[in-house]
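Read through the structure below, which is laid out as structure tokens, and then see the notes.
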Amino acid sequence: MITLYQPPPQFGCANPSPFCIKLEVLLKMSGLPYTVRIEGNPANGPTGKIPYIEDEGHFLGDSGRIQHYLEQHYGIDFNAGLGPRERAEGVAFTRLADEHLYWALVYSRWLEDEHWNVIKPIFFGDLPFPLRVIVPRVARKRLRAALHGHGLGRHDRDTVYALGAEDLKAIADFLGKRDFAFGAEPKAVDAALYGQLSAIIDAPFDTPLQRAALTHDNLVAYCKRMRARFFPDLPPV
Ligand SMILES: N[C@@H](CCC(=O)N[C@@H](CS)C(=O)NCC(=O)O)C(=O)O
């Protein structure tokens, strides 16, 4: 059986990590049996990030690589019924969510003092002194450097959120009036979109990113729809 390593639910979301939400949705979509092992330290994973899985004695990291593994190893087609153009759109929007919008989310949670002061004790409060003081400082410094390396972090605050808002509008326009990205049934891209959108919309962080997301009624309804379908045990938001 597949073991999924990830932190426990947080912020009213299925997970504090949008990539853990994404992967758990994919696992639920696959219908494969899996069990969750609580893992709060990304460094323990094979790529130094969460989520990761263990299957048949092998450890594998990265939600996208794990999706690929499930497709190859178990013959799951997360995009059944879609043509090449739609599959390509799915990849493009997955990348938009995972590789761009995510970084605006990181900025809002980790670099804004108001929200950093909320997440710091949650993520690091259980560490013994002096790690409780040192580790969050190092982690924040590393994420600031990662944002700079990505490029988004080189912009001023207003531009970061304007770029995030552009992503959100693109997703809202892409989704339109459909229940899921490609119609009545969720596909792979829905897992990625929901991971990031839930982290932005459902978590109690009043940020310009969240405010931009809340202007799109279809995104709010989409998050509720995905939550009811994949995480029915979580209380509705
Ligand atoms: N491409 C990876 C991204 C995973 C990721 O960035 N996870 C974050 C948590 S949301 C993490 O573990 N960060 C720890 C670090 O960068 O050191 C995936 O799709 O799984």
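The values are calculated or read from the model by the stated rules, or taken from the named source; none is laboratory data. All values reported here derive from a predicted model rather than from experimental measurement. Please note: Cβ atoms are built from the backbone with ideal geometry, for glycine as well, and neighbour counts cover all protein chains shown. When the accessible area is computed, the model is the full protein with side chains, heavy atoms only, and any ligands, DNA or RNA have been set aside. Shrake-Rupley method; radii C 1.70, N 1.55, O 1.52, S 1.80 Å.
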Probe 1.4 Å, all protein chains present, accessible-area order of Lys28, Lys22, largest first: Lys28, Lys22
Rounded if a/c under 1.5, otherwise prolate or oblate - the range 2-74, Cα gyration tensor axes: oblate
Cα shape, the range 28-131, gyration tensor, a/c 1.5 rule: oblate
In the chain, lysine pairs closer than 17 Å at Cα, eight or more apart or cross-chain: 11
Solvent-accessible surface ranking, highest first, for Glu114, Glu71 at 1.4 angstrom: Glu114, Glu71
Dipole axis of the chain (+1 Lys, Arg; -1 Asp, Glu on Cβ), positive-most option in Pro130, Phe205, Cys13: Pro130
Protein accessible area in the range 2-74, 1.4 Å probe - carbon and sulfur %: 50 percent
CD proxy at 222 nm, helix term only [per DSSP H run n ≥ 4: -39500 (n - 2.57); per residue of the chain; nearest 500]: -17000 deg cm²/dmol
List Asp190, Asp179, ordered by accessible area with a 1.4 Å probe, largest first: Asp179, Asp190
Stretch gain in nm, segment Leu111-Phe129, where the contour uses 0.36 nm per residue and the Cα spacing is subtracted: 4.2 nm
Nitroxide proxy distance, nm - points 7 Å out along Cα→Cβ at Ala162 and Asp206: 2.5 nm
Centre separation in Å (Cα based) which lies between the range 1-31 and the range 138-186: 20 Å
Length-normalised contact order for the chain - Cα pairs under 8 Å, 6+ apart - percent: 24 percent
Approximate spin-label separation Phe59-Tyr74, in nm, with each point projected 7 Å along Cα-to-Cβ: 2.1 nm
Apportionment of accessible area to carbon and sulfur, the range 84-230, percent (1.4 Å): 55 percent
Å² of accessible area per residue within the chain, as computed with a 1.4 Å probe and no ligands counted: 49 Å²
Contour minus Cα-Cα distance for His150 and Lys224 (0.36 nm per residue): 23.6 nm
Pair Arg95, Gln10: separation of 7 Å Cα→Cβ label points (nm): 2.9 nm
Among Pro128, Pro18, Pro33: highest mean-square fluctuation, GNM of the chain, C-alpha pairs under 10 Å: Pro128
